[in-house]
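In what follows, a structure is listed as structure tokens, so that the remarks can point back to it.
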Amino acid sequence: MAEYGSMYLVSGLAAILFFGGWNGPIPIFGPDALNWAYQPGQVGWTWLGFAACCAGLVNMMLKAVVGVTVMMWVRWTLPRLRIDQVLTTCLKYCVPLAAACFVGAMLWQLLEAPSLNDLAPVKGGKAAVRETWISDRAKESEHPAKAVTKEVSFEQSPGGTL
């Protein structure tokens, strides 16, 4: 039972991250859709708002159930591999492919080959920041913070301890 619970948890997380979470394919419950469930500036509780929340919950649960169904379908359809087959495949194909990709990336950086970032060059070389909100914040704080020094005095107590 714990395995099915884990499958449902992973499917729910995938539904939230990749499949829109509680939003449906037809946006009739959202605040930007038709504004029939949530009026702008509305604070109180309404039946339409409750219905919209329930519909979102049902939509989220259906997406998670579809994810569990797909996981079970894949597990039941594909053949089960023995551990020696998995290890042999990993050692014969995956490790050499990963090593080749790693060496290729090192050579690419060493030879300074052109990349997609060269299509949109940035002032200041390769180490420049492309995110404008970071560079704008750096321009705003051109004045370095003044060092705040506080004089602290330690008095020795009669017992000899601080």
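All of the numbers you see were taken from the coordinates with simple rules; none came from a lab. Computed from a prediction, not measured in an experiment: that's the story for all the values here.
Here the gap between CYS53 and MET71, fully extended at 0.36 nm per residue and compared with their Cα-Cα distance, gives a gain of 3.8 nm.
How much length, in nm to one decimal, is gained on full extension between LEU17 and ARG82, taken as 0.36 nm per residue of separation minus their Cα-Cα distance? Provide the component values of the computation, followed by the final result.
Working: separation 65, 0.36 × 65 = 23.40 nm, distance 3.24 nm.
Length gained, LEU17 through ARG82: 20.2 nm.
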